[in-house]
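Trainee: Starting off with a structure, shown below.
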Amino acid sequence: MKSNSSSSTLKRRLKFRDEIERAYGERCNTETLSQCSKSNFNACSSVFPNQQCMKADELVIGECGGGGGNCNALWDKTTSAVRIPSAHLARGLDPEIIETACYTLLADDYMRTKYENDEIFWEAYKVHPSLTYFGAHNGLFRILPALGQVECGNYDPRKRPWFVAASSGPKDVIIVLDVSGSMSNYGKMDLAKKAAITVVDTLTISDRVAVIVFSDSAYQVPVGVGGGTDSLIRATNENKKLLIESIRQLSGGGATNFYAGFQQAFDALERTIEQEYTTGCNVAILFMTDGARTTGPETDEVLGLINNSTQRLATLYGRDTKIFTFSLGAQADHLVTKEIACSTNGMWTPVDDIYGDLVGAMASYYKLFTLGLGDDTEFTAWVEPYEFFSGESCEMSVLDHSHRILISQNYF
């Protein structure tokens with residue numbers, strides 16, 4: 001029974017994906033553009049055409065009073081609405097966001113019909129149907145039934161586990177953070193912790209994770225109070241919660257020892273491989289610093305460690321390790337961090353410490369792995385249940401054929 005249910009669920013997700021791809025193929029039609037100008041609803045500002053009261057047993061929005069037998073909030077089951085991340089709202093909508101809103105509107109009929117059919121099916125079980133939604137590679141999010149956002153721009157699907165899972169597949173992720181004394185200035189430590197927490201939060205039960213911090217020396221951040229470990233852990237909801245709490249307790253001090261940070265990262269990774277506890281798939285090391293090396297082995301030795309370690313992992317275990325480096329602020333090293341990333345076919349990103357988006361930059365590392373999914377046109381990813389705003393969500397994500405990182409997804 002469970003196998004048949006999973007198979008049926010997969011077929012529905014793939015059909016939804018195919019509908020989005022059909023819509024993308026018609027994005028340049030004059031009819032598409034005409035419809036777009038008349039019928040796109042913004043979850044932040046639009047009044048929906050067929051709004052009705054949301055019952056407390058359908059969906060509870062706490063900010064609207066939580067139901068209690070009264071009208072809890074308004075939604076529209078006959079149309080979808082789009083949500084746009086605050087980063088796009090702040091700098092003005094770019095043409096790609098507008099195009100995505102236009103062509104995805106063509107999937108509105110499919111989403112509405114699906115919801116109507118789901119209502120009929122689930123009525124016999126006294127269960128309300130699920131919301132249907134998907135996220136585009138540029139952050140646009142479309143959802144049916146349409147309902148307003150409590151806070152405009154606060155939802156970005158690209159930072160949700162279901163999106164990252166379908167975009168990159170299983171992976172081993174090691175976050176290496178500079179916590180030297182200079183990180184205590186200008187709010188940089190808080191920014192780094194927020195970025196690390198965002199990355200951890202996007203991981204799923206299919207992934208493994210570790211956080212390494214370095215200054216004069218390096219150590220692996222424990223999972224919870226007193227919870228020591230020297231290898232990567234499975235990114236379950238409970239483990240992520242404990243790890244995030246430990247990240248929040250980090251503070252800065254000391255010099256900057258690149259070598260120690262990388263040595264600790266490679267040691268943790270190799271121990272995990274030897275324990276046969278890794279994903280066996282992609283390996284990503286995310287290295288963030290706000291300065292240059294000030295203590296420990298010289299730069300040549302750091303580069304030597306990285307080259308020897310990545311070659312060892314490739315030769316002994318068949319693992320391809322990519323390093324993503326992030327230089328935070330004008331005082332951060334650019335030459336060495338760029339060379340480190342390039343030597344492993346990773347990516348180097350300079351980030352302004354005042355106007356830059358370190359959180360967005362670090363959380364986008366997975367995009368490089370999307371190409372590695374190759375021609376697997378039916379790649380899917382299950383995500384461990386987690387708390388959505390309307391209740392617990394068990395999710396399956398599907399990557400579209402074009403690898404534009406557009407995900408079709410439902411919760412139930």
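The values are calculated or read from the model by the stated rules, or taken from the named source; none is laboratory data. All figures in this text were calculated on a predicted structure; none of them were measured in a lab. Don't worry about glycine lacking a Cβ; one is built from the backbone with ideal geometry, like all the others, and counts go over all protein chains shown. Note: accessible area is taken over every heavy atom of the protein model, side chains too, but ligands, DNA and RNA are not part of it. Shrake-Rupley method; radii C 1.70, N 1.55, O 1.52, S 1.80 Å.
Trainee: Got a number for residues in the range 261-280 being under 29 Å from G181 (Cα atoms) and open to solvent by 20 Å² or more (accessible area, probe 1.4 Å)? Before you say what the answer is, go through the steps one by one.
Mentor: Within the range 261-280, the subset under 29 Å from G181 (Cα atoms) is 261-269.
So of that shortlist, the ones also open to solvent by 20 Å² or more (accessible area, probe 1.4 Å) come out as 263-264, 267.
Residues meeting the conditions: 3.
Trainee: Output the residues belonging to the range 257-295 that are among the acidic types (D, E) and part of a helix (DSSP H, G or I).
Mentor: D267, E270, E274
Trainee: Just give me the residues in the range 116-153 being of a type in the set (D, E) and assigned to a loop (DSSP other than H, G, I, E, B), in sequence order.
Mentor: Correct list: E151 only.
Okay, residues lined up against (1) under 20 Å from A73 (Cα atoms); (2) surrounded by fewer than 18 Cβ atoms within 10 Å (Cβ to Cβ):
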residue	(1), (2)
V127	yes, yes
L147	yes, no
P157	no, no
A165	no, no
A192	no, no
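Trainee: May I ask you to list pairs of residues, at least six apart or on different chains, whose Cβ atoms are under 7 Å apart, with the first in the range 126-154 being under 23 Å from A361 (Cβ atoms) and the second being charged (D, E, K, R) and outside any loop (DSSP other than H, G, I, E, B)?
Mentor: Here the result reads G135/R158; N138/E96; G139/R158; F141/R83, each pair linking the range 126-154 to a residue that is charged (D, E, K, R) and outside any loop (DSSP other than H, G, I, E, B).
Trainee: Where residues in the range 172-190 are polar (S, T, N, Q) and buried (at least 21 other Cβ atoms within 10 Å of the Cβ), which of them is modelled with the highest pLDDT?
Mentor: S180
Trainee: Okay, next question. Within the range 319-342, which residues are under 23 Å from G169 (Cα atoms) and outside any loop (DSSP other than H, G, I, E, B)?
Mentor: Step one: of the range 319-342, the residues under 23 Å from G169 (Cα atoms) are 319-326, 341-342.
Within the range 319-342, T321, K322, I323, F324, T325, F326, A341, C342 meet the criteria.
Trainee: Has the range 70-84 got at least one residue that is at pLDDT below 80 and under 23 Å from W162 (Cβ atoms)?
Mentor: Scanning the range 70-84 turns up no residue that is at pLDDT below 80 and under 23 Å from W162 (Cβ atoms).
Trainee: Could you please let me know if G169 is modelled with pLDDT of 80 or more and not aliphatic (A, V, I, L, M)? Give the derivation first.
Mentor: Values: modelled with pLDDT of 80 or more: no; not aliphatic (A, V, I, L, M): yes.
Judged against the criteria, G169 is not a match.
Trainee: In the range 143-161, which residues are within 22 Å of D201 (Cα to Cα), of a type outside the set (V, I, T) and modelled with pLDDT of 75 or more?
Mentor: Q149, E151, C152, G153, N154, Y155, D156, P157, R158, K159, R160
Trainee: Please determine, by comparing only the residues of the range 198-227 that are open to solvent by 30 Å² or more (accessible area, probe 1.4 Å) and modelled with pLDDT of 90 or more, which one is nearest to S364 (Cα to Cα).
Mentor: Step by step, filter the range 198-227, then rank; the result is Y219.
Trainee: Taking the range 228-249 on its own, how many of its residues are open to solvent by 20 Å² or more (accessible area, probe 1.4 Å) and either in contact with a His (Cβ under 9 Å, 6 or more places away or on another chain) or not in a helix (DSSP H, G or I) (or both)?
Mentor: Selection size over the range 228-249: 7.
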